[in-house]
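Trainee: Sharing a structure here in structure tokens format.
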Amino acid sequence: MFGRKPSAAPGPRPRLRIGIPRTLNIWSTHQFWIGLFEALGIEARSIVFSSDTSEEQGREFGRGRGTVDCCYPVKCMSGHYGELIFGQKRRIDVLFSPMIYSLPSMLHGHVADSLACPRVMAAPENIRAGFTREKDVFAEQGIRYLAPLVSLGDPRLVAKQLHPALAEMLPGLPMKEVQRAVDAGYQALSAFNDRLRGRSREILAWCAREGRPCILVLARPYHMDPGIGHEIETDLQAHGYPILWSQYLPTDGDLMDWLFGEQVRAGEIRSPFDIADVWPTSYSANTNEILWGAKFAARTPWITCVIRLTSYECGMDQPTYTPVQQTVERSGTLYFSFQDLDSTKPAGSVKIRVETIAYYLERMSADIIGRKQARMPPGCPLLG
Amino acid sequence: MNQTSPYRTYRPAPFTPEERGQVEILFGGLHWRAERLIKAVFENLGHRARILPTATREDLLAGRELADVGQCCPTSFTTGNLANFLRAEASRIGAEETARRYVYVTAGSCGACRFGQYHQSYELALRNVGLEAFRLFLVAQDRMDQGALAGGGLKVDMPLTLGILWAILCADALQSLEYQVRPYEVVPGETDRVVAACVDHLEQAFRNRPQRDGKWGSLAWHLGTGYFVEALREVYRRFEAIEVDRLRVRPVVKITGEFYLQTVEGEPNHNMHRWLEAEGAEVYPAAIAVWLDYWMRFYVQGFEDEVGVDRTARAKIAAVRALQRVFGWTYDRLRAALGGIPHALPDQYELRRLAAPYYHHRLSGGEGDMLVGKALWAHLNRRAHMICELSPYACMPNTMSIGAMAGVLGKHPDLLYAPLEIKGDAEVHALSRCQMILTEAKKRAQREYEEALERTGLTTERARALLEAHPEMRRATYRVPHAGAAGTAANLVLHLAARGRA
Ligand code: SF4
Ligand code: SF4
């Protein structure tokens, strides 16, 4: 997931090692950061992401650093900071933990806004306090802590927002170069997203051709972290069902028209990416995408099952439970949710539920595909 | 897995102009003074309006049961509050009649946190009590002129918005005065009696507010008129009759926290204001105006990010800052009508500067950087001995700034800070936690008072004698200037000494 390709870098840069916590919305923007730093001449191998979340990581590096009780994805961030500070063979020079204010989203322009969750944007301030309240651990370890606020949902602002922090790291860095790096970051991100969307389309086309079912995961991007989402979807995949994530669903015009064209023409929504019919106050990027994913699943015949993952004490997901479930279930699609996920994987109950889901999928998928297909217009581009 | 018609979000049926005067507009969620004046504004514009009763613990439980268990507690309180009211009405007059007779109007269409998603909880609760036909409308709190809500029965235009704004400012000024008087009143209960009469008087003034045509006509009138100043002058005259003893040493406790919890006075915040007063504190309440001022700053900050990117950004900043100045000027005018006693609005840019090392000003949701900023502002400027932060269970932004406060306390270990998680239950726990810190605040107030005596060479007896000689200083309307102490008694001693020297 967090892979990187070496790229031609501009002139030599000081051999900086940059640590980035592999948490929260870094999961959906890592390619931007890799692209950006590489364009600034930082070698790919000098960009260090903390490892996936784990209980051991929290125990070893995060203990005693928490400042407040809140949702698990934020709470476990202390372990990531600690691992980057204390757990590296070669010390990092910079801990880079951007405060992501808004997010790039395929729904951007069709919804009210694309903000990050208030906890996502503020988490770095909160976690930092745990490393500075008694003594400044960063200073003590000779690590520069940089946490610029960045509106990734509004590319016009990004270079300006990042410039001060990046210039602190690379003195004398001109704005022009930051702008070039930001552009490179966006290019890397959209190339990556396009690749994954292409993959999802291939899966859907295969399902359509073969008449086979697949599963859509509706979750926040960081539920891809095995320590947060507990790889529930991998267990299902082991039963032979391809898995799609809502963040990487295909968005090609032909497919959008087939799925949402009727609703658009009826004037119910303004575009295929408009979710006002199910979620009028569409401010939050990840929430919006989950709702849109639910609509996508409801219309796509071969998605016969939706899995919803939510974390313990998530304030954002709570109000979406009913609309998401209703949107999916009223289409005749199977819906299962795993709520309140925290540090420990409830292995036993997950196993039983996964088996139950697989059982239903096995028994009902053909029927679900048939009924959903009957409701859709002819000319499915997936079959073309 | 039966398939049915696709899920669609709730859309309220229209509220038509013909229904105006028959339909009652329900609203609530602020402190009672502001609510009463806002009701009068609705009535002034030809509407019928009703204030929902202050939420109770039963409402909290209903909110959890009817919407989501894990939602932030203000959502639970307000959802349950509305649902319980409607349920009671439905059993009295029937569901259909309830849906016909009332509409609910609330702010809430913004931003990052649950505040922007309240509709979902309300909607779920309505479905769960079988009142899908009931009409509720969300009003964007950041737009002055939004036109008519669906159906045209309620126009969110300048006369309404400005009326509500002035109602809030007058209510804030009155509340601030009241809280600086009651702890020192010589005749117990007198302040409450006077405040009740003053709210009646102001309510009357808002109900009879002269109408001005057009957007700009209305704005010009509100800015230029002496109408509200005069109404507050009358409040001032009534307060003049209250005798106070400001030599009582009381710790000043500044209330901060999430908007709803810091604003309401009642069970949602364990009646914290009254409880603190009963425990011997002077409460520094959270003015709604501060939050409105913050909203303007928030826009300024958004435009600041665009400087160098958008050519109009500087002009937009200038425009909003001008608006902020007009807003501050208006509030100061109203404060002046009450003898300048109500607390001034803190400078938003100072709050931002103070919070900056700990909490970025652009982080949005809830009170943003203000919780950190206000705590530091009150502490460093000696405006309060202690901060009582009312933090809702499961609030997203609030948990983040409380976490950041750990950093603040690391640097300012002498800042007395009581963050209380408000869940609706666990009242004893919250209050005893607060009491522990209050005990320390009392000691500080006492120490500060003794130091003031020592510095001035006065004794309490001598100070009393000076007060006896100046009866005007024993009136509630006498303004004791801030002389560098947080406590009223200490400031009074310093003031007496300075007067003696003059
Ligand atoms: S979306 Fe939920 S889980 Fe994620 S940071 Fe926000 S509150 Fe926590
Ligand atoms: S600020 Fe907190 S308590 Fe208030 S609505 Fe937002 S999440 Fe809920």
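Trainee: Which count do you get for residues in segment B:68-91 that are within 19 Å of residue B:51 (Cβ to Cβ), within 14 Å of chain A (Cβ to nearest Cβ) and more than 14 Å from ligand 2 (Cβ to nearest atom)?
Mentor: Total satisfying the criteria: 0.
Trainee: A further question on this structure: For segment A:242-261, how many residues meet the condition of being touching a helix residue (DSSP H, G or I) at 6+ places or on another chain (Cβ under 6 Å), surrounded by 17 or more Cβ atoms within 10 Å (Cβ to Cβ) and hydrophobic (A, V, I, L, M, F, W, C)?
Mentor: So the answer is 5.
Trainee: Of all residues in segment B:57-81, how many are within 20 Å of the chain's Cα centre (by Cα) and either among the charged types (D, E, K, R) or modelled with pLDDT under 95 (or both)?
Mentor: Counting residues in segment B:57-81 that are within 20 Å of the chain's Cα centre (by Cα) and either among the charged types (D, E, K, R) or modelled with pLDDT under 95 (or both) gives 8.
Trainee: Conditions: (1) under 19 Å from residue B:10 (Cα atoms); (2) away from ligand 2 (no atom under 16 Å from the Cβ). Residue A:297 meets all but one. Number of the miss?
Mentor: Going through (1) under 19 Å from residue B:10 (Cα atoms); (2) away from ligand 2 (no atom under 16 Å from the Cβ) one by one, residue A:297 breaks only (1).
Trainee: In this structure, does residue B:306 turn out to be within 14 Å of chain A (Cβ to nearest Cβ) and farther than 30 Å from residue B:75 by Cβ?
Mentor: yes
Trainee: Select from segment A:184-202 the residues that are in contact with a Phe, Trp or Tyr (Cβ under 7 Å, 6 or more places away or on another chain) and of a type in the set (A, V, I, L, M) and write down the one among them that is farthest from residue A:31 (Cα to Cα).
Mentor: Only one residue tops the list, namely A:196.
Trainee: What are the pairs, 6+ residues apart or on separate chains, where a residue within segment B:120-133 that is more than 10 Å from chain A (Cβ to nearest Cβ) has its Cβ under 7 Å from a residue that is outside any helix (DSSP H, G or I) and small (Gly, Ala, Ser)?
Mentor: B:125/B:67; B:133/B:13
Trainee: Another one. List every residue pair whose Cβ atoms lie under 6 Å apart, where the two residues are 6 or more positions apart in sequence or sit on different chains, the first residue falls within segment A:61-73 and is within 12 Å of chain B (Cβ to nearest Cβ) and under 16 Å from residue A:316 (Cα atoms), and the second residue, located anywhere, is within 16 Å of ligand 2 (Cβ to nearest atom) and hydrophobic (A, V, I, L, M, F, W, C).
Mentor: Pairs that qualify, where the first residue is within 12 Å of chain B (Cβ to nearest Cβ) and under 16 Å from residue A:316 (Cα atoms) and the partner is within 16 Å of ligand 2 (Cβ to nearest atom) and hydrophobic (A, V, I, L, M, F, W, C), are A:71/A:314.
Trainee: Would you mention how many residues in segment B:205-218 are assigned to a helix (DSSP H, G or I) and surrounded by fewer than 12 Cβ atoms within 10 Å (Cβ to Cβ)?
Mentor: Adding up the residues that qualify gives 1.
Trainee: Hey, can you tell me all the residues within segment A:102-122 that are at the interface with another protein chain (Cβ under 7 Å from one of its Cβ atoms) and over 18 Å from residue A:158 (Cα atoms)?
Mentor: Across segment A:102-122, the qualifying residues are A:117, A:118, A:119.
Table: residues versus (1) of a type in the set (A, V, I, L, M); (2) buried (at least 22 other Cβ atoms within 10 Å of the Cβ); (3) over 23 Å from the mean Cα position of the chain (by Cα).
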site	(1), (2), (3)
B:247	yes, no, yes
B:254	no, yes, no
B:267	no, no, no
B:276	yes, yes, no
B:284	no, yes, no
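Trainee: Every residue in segment A:129-160 that is within 25 Å of residue B:301 (Cβ to Cβ), more than 7 Å from every other protein chain (Cβ to nearest Cβ) and assigned to a helix (DSSP H, G or I), please.
Mentor: Listed by number, the residues that qualify are A:155, A:158, A:159.
Trainee: How many residues does segment A:312-349 hold that are away from chain B (no Cβ under 11 Å), under 25 Å from residue A:118 (Cβ atoms) and in a strand (DSSP E or B)?
Mentor: Summing the residues that are away from chain B (no Cβ under 11 Å), under 25 Å from residue A:118 (Cβ atoms) and in a strand (DSSP E or B) in segment A:312-349 gives 3.
Trainee: Identify all residues within segment B:409-422 that are part of a strand (DSSP E or B) and under 14 Å from residue B:254 (Cα atoms); write none if there are none.
Mentor: Once the filter is applied, which keeps residues that are part of a strand (DSSP E or B) and under 14 Å from residue B:254 (Cα atoms), segment B:409-422 yields B:417, B:418, B:419, B:420.
Trainee: Which of (1) within 14 Å of chain B (Cβ to nearest Cβ); (2) outside any helix (DSSP H, G or I); (3) over 29 Å from residue A:359 (Cα atoms) is the odd one out, the single condition residue A:301 does not satisfy?
Mentor: (3)
Trainee: Scan segment B:312-325 and report the pairs whose first residue is more than 21 Å from residue B:289 (Cα to Cα) and whose second residue is among the hydrophobic types (A, V, I, L, M, F, W, C) and surrounded by fewer than 17 Cβ atoms within 10 Å (Cβ to Cβ), with Cβ atoms within less than 7 Å and a gap of 6+ or a chain change.
Mentor: Note: pairs meeting the criteria are B:313/B:307; B:314/B:307.
Trainee: As an exercise: evaluate residue A:35 against (1) in contact with a helix residue (DSSP H, G or I) (Cβ under 6 Å, 6 or more places away or on another chain); (2) part of a loop (DSSP other than H, G, I, E, B); (3) away from chain B (no Cβ under 14 Å); (4) not aliphatic (A, V, I, L, M) and give the number of the one condition it does not meet.
Mentor: (2)
Trainee: Provide a single number: the residues in segment A:62-103 that are within 16 Å of ligand 1 (Cβ to nearest atom) and β-branched (Val, Ile, Thr).
Mentor: Residues that pass the stated criteria total 4.
Trainee: Continuing with the same structure: Considering only segment B:355-371, I want to know if a residue exists there that is more than 24 Å from residue A:122 (Cα to Cα) and part of a helix (DSSP H, G or I).
Mentor: Within segment B:355-371, not a single residue is more than 24 Å from residue A:122 (Cα to Cα) and part of a helix (DSSP H, G or I).
Trainee: Restricting attention to segment B:347-361, which residues are more than 16 Å from ligand 2 (Cβ to nearest atom) and crowded, with 20+ Cβ neighbours inside 10 Å?
Mentor: Passing the criteria: B:348, B:351, B:352, B:354, B:355, B:358, B:360, B:361.
Trainee: With respect to residue A:283, is the statement that it is facing chain B (nearest Cβ under 7 Å) and either within 16 Å of ligand 2 (Cβ to nearest atom) or modelled with pLDDT of 95 or more (or both) true?
Mentor: Yes.
Trainee: Just the residues that are away from every other protein chain (no Cβ under 14 Å) and crowded, with 18+ Cβ neighbours inside 10 Å, please, taken from segment B:409-421.
Mentor: B:416, B:418
Trainee: Have a look at B:292, B:261 and point out the one that is within 16 Å of ligand 2 (Cβ to nearest atom), surrounded by fewer than 22 Cβ atoms within 10 Å (Cβ to Cβ) and under 19 Å from the mean Cα position of the chain (by Cα).
Mentor: Of the residues listed, the single one that is within 16 Å of ligand 2 (Cβ to nearest atom), surrounded by fewer than 22 Cβ atoms within 10 Å (Cβ to Cβ) and under 19 Å from the mean Cα position of the chain (by Cα) is B:292.
Trainee: Among residues belonging to segment B:377-408 that are among the aliphatic types (A, V, I, L, M), assigned to a helix (DSSP H, G or I) and more than 7 Å from every other protein chain (Cβ to nearest Cβ), point out the one that is farthest from ligand 1 (Cβ to nearest atom).
Mentor: Checking each candidate, the answer is B:380.
Trainee: If you don't mind, there's one more thing I want to ask. Among (1) more than 13 Å from ligand 1 (Cβ to nearest atom); (2) surrounded by fewer than 23 Cβ atoms within 10 Å (Cβ to Cβ), which single condition is residue A:368 missing?
Mentor: All conditions pass for residue A:368, except number (2).
Trainee: Scan segment A:104-143 for residues that are among the hydroxyl-bearing types (Ser, Thr, Tyr) and within 16 Å of ligand 1 (Cβ to nearest atom) and jot them down.
Mentor: Within segment A:104-143, A:105, A:114 meet the criteria.
The values are calculated or read from the model by the stated rules, or taken from the named source; none is laboratory data. What you are looking at is a predicted structure, and each value in this text was computed from that prediction instead of being measured. Neighbour counts run over all protein chains shown; Cβ positions are idealised from the backbone, glycine included.
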